[in-house]
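Enquirer: I am attaching a structure below and will ask some questions about it afterwards.
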Amino acid sequence: MRQREMRFPGCGDVEIHGQGWLPGGEPTALVVISHGLAEHGGRYAVLAETLVASGYGVYAIDHRAHGRSGGTVRANVDRFDYLVSDLGTFVGRAQRQHPGLPTVLLGHSMGGLVALAAALKNPTVLRALVLSAPALAAGEAVSGSKRFFLRAMSSLAPGSGALTLPAAAVSRDPQVVRAYESDPLVHRGAIPARTVDELLLAMAAVDGKVHQLRLPVLIQHGTADKLVPAAAVQPIYQRLGTTKTRTLQLYEGLYHEVYNEPERERVIGDLVRWIEAVRN
């Protein structure tokens, strides 16, 4: 397996970092990964190894203010549109390395929201979209008063902490949780108010557009996910494109990161089989 490092100027000249994992020969398709809130693209190396073994080229971005990408305050993305624009640029750069190959965009959690917005913005460059526990709806977690408070904090003190992510909720595998907690590129502080506010605004915007998407879409979600409850996402799934192009795979008892659960081989196997079915 070959590896590749990528750096490019994102919106506002923030340096964006990305990396690629490639088979020995030319890949048969590309999978571009958009990671979740507070983490980074390097955490998908195990998933990438399996996909590369199936003949795919895999590229993963570090979103602005995440991982090895620039940004003045960690996990403060400033504007959601910047994430979408940066991801679009990254997809284009990966595609220029392998002209003509079909591209599958895979987004996890926050990265699922970014990936869906990117697919709605420019669907013609993609063959398919995969969403892992996508943060598409807040459900009842954000009351009206809390939403008003977040709006005010986003404007008055955008870098102030507004949300914490419990490490134990990412996976039932203790080794995954320990690695998450000790990873220096994972942001373990509170998530800035500006980021939370921008994500909530983006959820509302995307909610009104999902019916426009005609790409094949796969959603993989654990039923015991406490960070993004599957029940909050299913109403949006029902409005995605047409019944012929959408697939929902629910995994009983799995937590937020289905590719890092003890059952990861089954989940990734389902992913590979689905990509094989739609990439041609």
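Enquirer: Once you charge only the Cβ atoms, +1 for Lys and Arg and -1 for Asp and Glu, what is the size of the charge dipole of region 1-87 about its Cα centre, to the nearest 20 debye? Could you put the intermediate results ahead of the total?
Expert: Working: 8 positive and 10 negative charges, 31 e Å.
Using only the charged Cβ atoms, the result is roughly 140 debye.
Enquirer: Quote the relative contact order of the chain in percent (integer), defining contacts as alpha-carbon pairs under 8 Å separated by 6+ residues. Spell out each step's value before the answer.
Expert: On the way: 591 pairs, mean separation 50.6, N = 280.
Across the chain, relative contact order equals 18 percent.
Enquirer: Using just the alpha carbons, could you tell me how many Å³ per residue the convex hull of the chain encloses?
Expert: Numbers: hull volume 32.2 nm³, N = 280.
So the per-residue hull volume is 115 Å³.
Enquirer: Another question, if that's okay. Could you check the spin-label model distance between Arg266 and Glu26? Points 7 Å from the Cα along Cα→Cβ, value in nm.
Expert: The answer from the label model is 3.8 nm.
Enquirer: Continuing with this model, one more query. Rounded to the nearest 500 deg cm²/dmol, what is the calculated helix-only ellipticity per residue at 222 nm for the chain, with -39500 (n - 2.57) per DSSP H run of length n ≥ 4?
Expert: Values: 8 runs with 99 residues, N = 280.
For the chain, the value works out to -11000 deg cm²/dmol.
Enquirer: Calculated FRET efficiency, Asp81 and Ala224, Cβ-Cβ r, R0 35 Å, to nearest 0.05? Let's see the in-between values first.
Expert: Details: r = 33 Å, r/R0 = 0.94.
Here the calculated transfer efficiency is 0.60.
Enquirer: Two decimals is fine: what's Rg over Rh for region 74-113, C-alpha atoms, Kirkwood radius as Rh? Mind dumping the intermediate values first?
Expert: On the way: Rg = 12.0 Å, Rh = 11.5 Å.
Using only Cα positions, Rg/Rh for region 74-113 is 1.04.
Enquirer: Among Val267, Val58, Val77, what is the fewest-to-most ranking by other Cβ atoms within 10 Å?
Expert: Details: Val267 21, Val58 29, Val77 25.
If I rank by nearby Cβ atoms, fewest first, I get Val267, Val77, Val58.
Enquirer: Extending each Cα 7 Å along its Cβ direction at Arg239 and Thr72, get the distance between those two points in nm, one decimal.
Expert: Distance between label points: 3.6 nm.
Enquirer: Using the Cα centre of the chain as origin and beta-carbon charges of +1 (Lys, Arg) and -1 (Asp, Glu), tell me which of Val228, Leu215, Leu250 is placed farthest towards the positive end of the dipole.
Expert: The residue sitting most towards the positive pole is Leu215.
Enquirer: Given 10 °C and 1.306 mPa s, how large is the Stokes-Einstein diffusion coefficient of region 182-280 in µm²/s, with Rh as the Kirkwood radius over Cα pairs? Before the final figure, lay out each step's value.
Expert: On the way: Rh = 15.6 Å.
Roughly 102 µm²/s, to the nearest whole number.
Enquirer: Enumerate the whole-percent occupancy of each 5 Å bin, from 0 to the last occupied one, for all C-alpha pair distances of region 1-114.
Expert: 2, 13, 26, 25, 18, 10, 4, 1
Enquirer: Just the number, please: Stokes-Einstein D of region 60-202 in µm²/s, Kirkwood Rh from C-alpha pairs, 25 °C, 0.890 mPa s.
Expert: On the way: Rh = 16.4 Å.
Approximately 149 µm²/s, per Stokes-Einstein.
Enquirer: Follow-up question, since we're still on this one. For a footprinting-style exposure proxy, rank Glu181, Glu39 by other Cβ within 10 Å, fewest first. Numbers along the way, then the final one.
Expert: Details: Glu181 12, Glu39 26.
The fewest-first ordering by Cβ neighbours comes to Glu181, Glu39.
Enquirer: Past the 23 angstrom mark, what percentage of all C-alpha to C-alpha distances in region 145-237 do you count? Write down the numbers at each step before the final one.
Expert: Values: 1855 of 4278 pairs.
Everything past 23 Å amounts to 43 percent.
Enquirer: Can you give the charge dipole size of the chain about its Cα centre, rounded to the nearest 20 debye, using +1 on the beta carbon of Lys and Arg and -1 on the beta carbon of Asp and Glu?
Expert: Working: 29 positive and 25 negative charges, 115 e Å.
For this selection, approximately 560 debye.
Enquirer: Cut-off is 10 Å between beta-carbons; in what order do Leu120, Leu51, Leu165 appear when sorted fewest neighbours first?
Expert: On the way: Leu120 17, Leu51 26, Leu165 21.
The fewest-first ordering by Cβ neighbours comes to Leu120, Leu165, Leu51.
Enquirer: Continuing with the same structure: Want the number for Ala53 to Arg96: 0.36 nm per residue separation, take away the alpha-carbon distance, what's left? Show your work: numbers first, answer last.
Expert: Numbers: separation 43, 0.36 × 43 = 15.48 nm, distance 2.18 nm.
Between Ala53 and Arg96, full extension yields an extra 13.3 nm.
Enquirer: Dipole magnitude of region 72-193 about its Cα centre, charges +1 at Lys/Arg Cβ and -1 at Asp/Glu Cβ only, in debye to the nearest 20? Working shown, then result.
Expert: Values: 12 positive and 7 negative charges, 31 e Å.
Dipole about the Cα centre, nearest 20: 140 debye.
Enquirer: Compute the FRET efficiency between Ala205 and Arg7 as 1/(1 + (r/R0)^6), taking r as their Cβ-Cβ distance and R0 = 30 Å, and round to the nearest 0.05. Intermediate values should be presented prior to the final figure.
Expert: Working: r = 29 Å, r/R0 = 0.98.
Between Ala205 and Arg7 the formula returns 0.55.
Each value in this text was obtained by applying a stated rule to the coordinates, not by laboratory testing. Remember, predicted model here, so these are calculated numbers, not experimental data. No Cβ is skipped: glycine too gets one built from the backbone with ideal geometry, and neighbour counts run over all protein chains shown.
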